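Here's the structure we're looking at; comments come further down.
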């Protein structure tokens with residue numbers, strides 16, 4: 001299964017608007033560089049969201065927190081433990097992402113509409129640089 005990065009979104013501060021990046025660094029055991037939630041202890045995971053799901057919901061990519069939006073790959077079908085090479089980095093699928101309990105964590109009050117469809121969380125196993133258009137490959 002192969003695809004490409006459609007967009008990269010990072011929120012750098014609490015309640016700050018989403019920043020759309022053309023490239024970003026994935027830090028091993030931390031997440032995306034600049035992500036306000038990235039932690040040195042490795043607790044932060046990256047949200048992978050496929051473009052098809054966003055389009056189905058009528059959401060622009062930035063409406064769903066810090067994430068890597070993918071094109072041409074069905075993220076929802078990847079099982080826990082699957083490794084995915086995205087750009088120069090390697091990610092491991094950990095679990096589905098469930099909606100945040102705090103309404104303000106999801107843009108435009110869309111909590112019920114995106115219930116169960118927010119994507120998949122993954123941890124960064126090997127760091128690297130990601131660019132919009134880079135290949136995504138299930139290992």
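Things worth noting here:
- Cross-chain or 6+ apart pairs with Cβ under 9 Å, region 1-29 first and at negative phi and modelled with pLDDT of 90 or more, then surrounded by fewer than 14 Cβ atoms within 10 Å (Cβ to Cβ) and part of a loop (DSSP other than H, G, I, E, B): 3/74; 4/133; 5/133; 6/133; 22/133
- All positions within region 91-107 that are at pLDDT 60 or above and surrounded by fewer than 20 Cβ atoms within 10 Å (Cβ to Cβ): 92, 94, 95, 96, 98
- Hits in region 112-139 - residues which are at pLDDT below 50 and more than 22 Å from residue 20 (Cα to Cα): 112, 113, 115, 116
The values are calculated or read from the model by the stated rules, or taken from the named source; none is laboratory data. Quick caveat, the model's predicted, so the values are computed rather than measured. Cβ coordinates were reconstructed from backbone atoms using ideal geometry, including for glycine residues, and neighbour counts include every protein chain displayed.
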